[in-house]
Amino acid sequence: MAVTTDRAALNEWVACGWPEKVAPGGKYRTVLLGQEIEVRRTGVNLFEVFECDEHGKQGRQLPVQAKYCCVFTTLGEPTRPLPEIPEFDEPDRRITGCGSVGVHTSPFRIIENFLDMAHFSFVHTDILGAPERTEVLAYKTEHRKDADEIWAIDCQFYQPAASKASRGGQMTHYAYRVMSPFSVMLYKNVFDDPTRNDAICLFVQPIGETECLAYMPLAIVDRESALTSIIDFQQTIFAQDRVILENQRPALLPLDPTIELPTRADASSIAFRRWLKAKNFQFGVYEKKAA
Amino acid sequence: MALTLYDYSLSGSCYKVRLLLDFLDLEYERHPVAFFPEREHRTETFRTINPLAQIPVLDDDGIRLRDAQAILCHLANKYDKSNLWLPRDPELFGPIMMWVMFAGGELMAASAARLHDLLGYDLDIKMARRNAHAAFRILDDHLTRREIEGGTWIVGGHPTIADVACFPYTALSNDGGIGLEDYPALRNWLRSFMRLPKFDAMSGISEFA
Amino acid sequence: MLDAVGDLDVVVRKIRVETSEIRSFVLESASGGPLPAFEAGAHIDVYPLPGICRQYSLVNDPADNSRYVLGVKREPNSRGGSTAMHGQLTEGSRLKISRPRNNFALRVNSGRSLLMAGGIGVTPLLSMAQALAAKRADFVLHYFARSAQELAFRDFITRSPWADHVLYHFGLVPPVLNDVLDEILSAPGRDDVIYLCGPNPFMDVVRSSAEQANWPARSLVLEHFSAEPPKLTPGDSEFVVRLAKRGIELLVPSGKTIISVLREAGIEIKTSCEQGVCGTCLTAVIDGEPEHNDVFLSDEERESGRLMTPCVSRAKSKLLVLDL
């Protein structure tokens, strides 16, 4: 696998593991944008990351940050810091990662699926959507220039079991936030408490253009459920998405809006694709071959 | 009677047991095991429940059983009053057990491929997929012969624990990057299985198999 | 005593030839005394002949309401407005005008003010320059003209106390124009504002340069010369679409989309979703106010009024001029 030359992709912080993936003193190898790297856990929350050359020998050392239940590194010169997600500092929240899940598709397909509400009733039937209530109500998308993030706000969807804490159906209110081309999160109101939001992140490690690892750190308000059940819920949902994702063709994301016809429910996906296009992203993007 | 299943939602082996519990209308308590990423099944505490450090484990009024295939046999033997899921008919019992063992043996290559792709297990993925294909070939050939005979199920005229045991990792083959394009009889059988009353698809099983 | 509302009667006190194409007009109240006060950036409607109405910006210092000063360029393709002004009016002529209105007002800001003038577009910016100078504000007037001979109000500027706030740029066309603009607009400061007035192509280049330098859209204040009124007369529930490149007008009734009206006229533009989602039919708006019904444009693009998706969006104004 060749290392990408796409600076836009190289200059992002990307997840490359979670802190407990190996015991302190341990190390592992993984691949980022085609580049093999070695992650070493030198202390409980201390990490070092190195590139590996083509013979597997240690190359240059890369920057590293452990935050939001993930380990982040970058192969380039990031133009933005890691996003601020203050929910991870709130003491009464349940904070956990869910490990990583491998997905064979473009990182942007994974981000788009996370942004999409239209599939809830069909893919997460009786959990995140009901078969008889499939309508995606109008919502608003915006490009927040100060942080260079894409937001979709005023989203709502009827959910039979919105979270592990749910004891019945509710109209769930969502806000989606794309923090970088490889990271996205959502805020959804807590069951029975419209004043608080669960924060659910999705960080994508692009191994190659159509091979990824997905990390799902959570900062949620739920005093009752066991952590095991909370993670189990999240993994169940993601495994349902994974089948759909791996069957989507083309695996690479087309930025030309005439290749995949959008509907009004896809406004967030359109905003995301415009944003990627404006960044001149080449990695993970579908180019229509000339006939 | 009190049944407790040490369970993990994404485990195909646990799913075998959940399927039969549902088919037999049995109430049970679910004890979730933090299989990934915590690896709770590898802890000393869990090893007192199953020294092999594997799930599922079924506790039936103090009888503690490991191995999905053994659990299927136990449940059918004890609770299936109809005797349809594990008939004692000498023509059927042996073949059923043979395919149950196949599910816990050769077919587990498909589970290995899935653990690699889904949860990042470090193993020889090429070998796992090759072995899974070899197992699917054998099952597809068998089901083709069954189709010619007019049969739908692996053994006999009613689904048995052989079908329950073989279903999950066949239906989940996509999760391990294994396509079933070359196994038409296998795909027919999967579709028949998914139409069974009380069937519940687990995450990763695509409806368009 | 002047009416609080309604038109004003004025006398042309002085006409001055500024350039081969531009004349300035000094207007005073026909009844003597002051004219209604105005703010920098304001314009008036002028009725040089019955049935002809033109908008012109006021050039003079807003502190001086003893007179109104206008700059008028003779437009070769004019349908009568500027020709009437140039040809019919002489010193001493009487004229009807409206009261001043302002939709190009100065902002209250703490940063710099960059006044970007293209040709005759300098007129409202001159009045702004005087108001800014009186406030001792930090401002620069960038005056773009074809040549030094085409510079209107040159003496007026050079004799003003703020003459050193004015920089001249002559004969620039793309790509040199773009480079010069990129340099002027680089490094937007906190609360800086750009005031922009000139021909549409000039304004487009300035806008895109500002966008590239990451000027926030709200820091761009602009006025463009209004289009000629439509030749077709739209009914209550209709509006007129003028296709600027083709020079044709079409009526859009309430039950039809712009693209379906275009199609009936044999004009195909590229569309895809036709739901206002994909942005394939994105079209530049030259004049008029679009009514956006899409979900494609960002808020800033929407507010700028310069782009629209004609598959679902319509017009709030009776005339919509599209770059088609």
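One residue is enough: does the range C:203-213 have a residue meeting the conditions buried (at least 18 other Cβ atoms within 10 Å of the Cβ), charged (D, E, K, R) and in a helix (DSSP H, G or I)?
First, pick out the residues of the range C:203-213 that are buried (at least 18 other Cβ atoms within 10 Å of the Cβ): C:203, C:205-207, C:209-210.
Keeping just the survivors that are charged (D, E, K, R) gives C:207.
Checking the rest, the ones that are also in a helix (DSSP H, G or I) come to C:207.
Yes, the range C:203-213 contains a residue that is buried (at least 18 other Cβ atoms within 10 Å of the Cβ), charged (D, E, K, R) and in a helix (DSSP H, G or I).
What's the number of the condition residue A:61 fails, among (1) modelled with pLDDT of 95 or more; (2) surrounded by 16 or more Cβ atoms within 10 Å (Cβ to Cβ); (3) in a strand (DSSP E or B)?
(2)
Residues being farther than 21 Å from residue A:143 by Cα and at the interface with another protein chain (Cβ under 8 Å from one of its Cβ atoms): count how many of those fall in the range A:245-261. Give the steps one after another, and end with the answer.
Initially, the range A:245-261 is screened for residues farther than 21 Å from residue A:143 by Cα, giving A:245-252, A:258-261.
Of the ones still in play, those that are also at the interface with another protein chain (Cβ under 8 Å from one of its Cβ atoms) are A:246-247, A:258, A:261.
Within the range A:245-261, residues that are farther than 21 Å from residue A:143 by Cα and at the interface with another protein chain (Cβ under 8 Å from one of its Cβ atoms) number 4.
If you take the residues in the range B:105-131 that are acidic (Asp, Glu) and closer than 21 Å to residue A:215 by Cα, which one is surrounded by the fewest Cβ atoms within 10 Å (Cβ to Cβ)?
Of everything passing the filter in the range B:105-131, B:122 is surrounded by the fewest Cβ atoms within 10 Å (Cβ to Cβ).
Conditions (1) farther than 20 Å from residue A:100 by Cβ; (2) touching a residue at least 60 places away in the same chain (Cβ under 8 Å), marked per residue:
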{"position": "A:164", "(1), (2)": "yes, yes"}
{"position": "A:167", "(1), (2)": "yes, no"}
{"position": "A:190", "(1), (2)": "yes, no"}
{"position": "A:205", "(1), (2)": "no, yes"}
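Which residue pairs have Cβ atoms under 9 Å apart, sit 6 or more places apart or on different chains, and have a first residue in the range C:202-220 that is at pLDDT below 85 and a second that is part of a helix (DSSP H, G or I) and surrounded by fewer than 16 Cβ atoms within 10 Å (Cβ to Cβ)?
Hits for this filter: C:217/C:211; C:217/C:299; C:217/C:300; C:217/C:303; C:218/C:300; C:218/C:303.
Residues of the range B:151-174 being modelled with pLDDT of 95 or more and part of a helix (DSSP H, G or I), which ones?
If we filter the range B:151-174 for residues that are modelled with pLDDT of 95 or more, which is where we start, we get B:151-173.
If the condition is that a residue be modelled with pLDDT of 95 or more and part of a helix (DSSP H, G or I), then B:161, B:162, B:163, B:164, B:165, B:166, B:167, B:168, B:169, B:170, B:171, B:173 are the ones that fit.
Mind checking which residues of the range C:78-118 are closer than 22 Å to residue C:187 by Cα, free of Cβ contacts under 8 Å to residues at least 40 places away in the same chain and surrounded by 15 or more Cβ atoms within 10 Å (Cβ to Cβ)? Before the answer, list the steps.
Step one: list which residues in the range C:78-118 are closer than 22 Å to residue C:187 by Cα, which gives C:106-118.
Restricting the remaining residues to those that are free of Cβ contacts under 8 Å to residues at least 40 places away in the same chain gives C:108.
Selection gives nothing.
Which of the numbered conditions does residue A:92 fail, given that it passes all the others? Conditions: (1) within 13 Å of the chain's Cα centre (by Cα); (2) away from every other protein chain (no Cβ under 14 Å).
In the conditions (1) within 13 Å of the chain's Cα centre (by Cα); (2) away from every other protein chain (no Cβ under 14 Å), residue A:92 misses (1) alone.
Just checking, does the range C:226-233 include any residue being within 14 Å of chain A (Cβ to nearest Cβ) and among the basic types (Lys, Arg)?
Applying the first criterion (within 14 Å of chain A (Cβ to nearest Cβ)) to the range C:226-233 yields none.
Checking the range C:226-233: not a single residue is within 14 Å of chain A (Cβ to nearest Cβ) and among the basic types (Lys, Arg).
Tell me yes or no: at least one residue of the range C:263-285 is among the polar types (S, T, N, Q) and under 28 Å from the mean Cα position of the chain (by Cα).
As a first pass, look at the range C:263-285 and keep what is among the polar types (S, T, N, Q): C:271-272, C:275, C:280, C:283.
Still in the list and also under 28 Å from the mean Cα position of the chain (by Cα): C:283.
Scanning the range C:263-285, I find at least one residue that is among the polar types (S, T, N, Q) and under 28 Å from the mean Cα position of the chain (by Cα), so the answer is yes.
Checking the condition within 14 Å of chain C (Cβ to nearest Cβ), of a type in the set (D, E, K, R) and touching a Leu at 6+ places or on another chain (Cβ under 6 Å), which residue from A:264, A:273 passes?
One residue alone meets the criteria, A:273.
Here's a check for you: in the range C:291-302, which residue that is out of contact with any helix residue (DSSP H, G or I) (no Cβ under 7 Å at 6 or more places or on another chain) and surrounded by fewer than 20 Cβ atoms within 10 Å (Cβ to Cβ) is farthest from residue A:140 (Cα to Cα)?
The residue in question is C:291.
Take the residues in the range B:172-195 that are in contact (Cβ under 8 Å) with a residue 24 or more places away in the chain and among the acidic types (Asp, Glu); name whichever of them is farthest from the other protein chains (Cβ to nearest Cβ). Break it down stepwise before answering.
Pass one, the range B:172-195, residues in contact (Cβ under 8 Å) with a residue 24 or more places away in the chain: B:172-178, B:180, B:182-186, B:188-189, B:192-193.
Right, trim to among the acidic types (Asp, Glu) and you get B:175, B:182.
On the way: B:175: 7, B:182: 18 Å.
So the residue we want is B:182.
Between residues in the range A:236-248 that are surrounded by fewer than 19 Cβ atoms within 10 Å (Cβ to Cβ) and residues that are in a helix (DSSP H, G or I) and among the charged types (D, E, K, R), which pairs lie under 9 Å by C-beta distance while being six or more apart or on different chains?
Listed pairs, sorted by first residue: A:248/A:109.
Could you say which residue among C:288, C:266, C:255 is on the phi > 0 side of the Ramachandran plot and either surrounded by fewer than 18 Cβ atoms within 10 Å (Cβ to Cβ) or modelled with pLDDT of 90 or more (or both)? Quick ask: steps written out before the conclusion?
Numbers: C:288 fails: either surrounded by fewer than 18 Cβ atoms within 10 Å (Cβ to Cβ) or modelled with pLDDT of 90 or more (or both); C:255 fails: on the phi > 0 side of the Ramachandran plot.
Only one candidate qualifies: C:266.
Mind listing whichever residues of the range C:116-156 are in a helix (DSSP H, G or I) and over 19 Å from residue C:65 (Cα atoms)?
Within the range C:116-156, the subset in a helix (DSSP H, G or I) is C:119-134, C:148-150, C:154-156.
Result: C:119, C:120, C:121, C:122, C:148, C:149, C:150, C:154, C:155.
Which of (1) in a strand (DSSP E or B); (2) farther than 27 Å from residue A:230 by Cβ; (3) out of contact with any Cys (no Cβ under 7 Å at 6 or more places or on another chain); (4) free of Cβ contacts under 8 Å to residues at least 40 places away in the same chain is the odd one out, the single condition residue A:41 does not satisfy?
Only one criterion is unmet by residue A:41, namely (2).
Of all residues being within 14 Å of another protein chain (Cβ to nearest Cβ) and part of a helix (DSSP H, G or I) in the range A:114-132, which is modelled with the highest pLDDT? Just the residue, please.
Here the residue is A:115.
Just the residues that are under 18 Å from residue B:77 (Cβ atoms), within 20 Å of the chain's Cα centre (by Cα) and exposed (fewer than 15 other Cβ atoms within 10 Å of the Cβ), please, taken from the range B:28-66. It would help to see each step written out before you state the result.
First pass over the range B:28-66, keeping only residues under 18 Å from residue B:77 (Cβ atoms): B:28, B:56-66.
Checking which are within 20 Å of the chain's Cα centre (by Cα) leaves us with B:28, B:56-60, B:64-66.
Matches in the range B:28-66: B:64 only.
Tell me, please, whether a residue that is under 24 Å from residue A:70 (Cα atoms), buried (at least 20 other Cβ atoms within 10 Å of the Cβ) and without any contact (Cβ under 8 Å) to a residue 40 or more places away in the chain can be found in the range A:193-202.
Within the range A:193-202, one or more residues are under 24 Å from residue A:70 (Cα atoms), buried (at least 20 other Cβ atoms within 10 Å of the Cβ) and without any contact (Cβ under 8 Å) to a residue 40 or more places away in the chain.
Going by the structure shown, is residue A:281 within 13 Å of residue A:110 (Cβ to Cβ) and either of a type in the set (Val, Ile, Thr) or surrounded by 17 or more Cβ atoms within 10 Å (Cβ to Cβ) (or both)? Walk me through it before giving the result.
Details: within 13 Å of residue A:110 (Cβ to Cβ): no; either of a type in the set (Val, Ile, Thr) or surrounded by 17 or more Cβ atoms within 10 Å (Cβ to Cβ) (or both): yes.
In short, no.
I'm checking my understanding of the structure. Among residues of the range A:133-154 that are within 19 Å of the chain's Cα centre (by Cα) and β-branched (Val, Ile, Thr), which one is farthest from the other protein chains (Cβ to nearest Cβ)? Give the steps one after another, and end with the answer.
Initial filter on the range A:133-154 (within 19 Å of the chain's Cα centre (by Cα)): A:141-144, A:147-153.
Within this subset, residues satisfying the condition of being β-branched (Val, Ile, Thr) are A:141, A:150, A:153.
Details: A:141: 7, A:150: 10, A:153: 12 Å.
Ranking the candidates gives A:153 first.
Which one of these is of a type outside the set (A, V, I, L, M), away from chain C (no Cβ under 14 Å) and at positive phi: A:232, A:222, A:192, A:241? Before the answer, list the steps.
Details: A:232 fails: at positive phi; A:222 fails: at positive phi; A:241 fails: at positive phi.
Every option except A:192 fails the conditions.
Only one of C:285, C:321, C:261 is away from chain A (no Cβ under 14 Å), within 30 Å of residue C:128 (Cβ to Cβ), without any contact (Cβ under 8 Å) to a residue 40 or more places away in the chain and not in a loop (DSSP other than H, G, I, E, B). Can you tell me which? Break it down stepwise before answering.
Details: C:321 fails: without any contact (Cβ under 8 Å) to a residue 40 or more places away in the chain; C:261 fails: within 30 Å of residue C:128 (Cβ to Cβ).
Unique residue meeting the criteria: C:285.
Considering C:280, C:271, which residue is at the interface with chain A (Cβ under 10 Å from one of its Cβ atoms), within 20 Å of residue A:269 (Cα to Cα) and in contact (Cβ under 8 Å) with a residue 40 or more places away in the chain?
Among C:280, C:271, only C:271 is at the interface with chain A (Cβ under 10 Å from one of its Cβ atoms), within 20 Å of residue A:269 (Cα to Cα) and in contact (Cβ under 8 Å) with a residue 40 or more places away in the chain.
The values are calculated or read from the model by the stated rules, or taken from the named source; none is laboratory data. Everything numeric here is computed off the predicted structure, so don't read it as measured data. Counting neighbours? That spans all protein chains shown, and the Cβs are built from the backbone with ideal geometry, glycine included.
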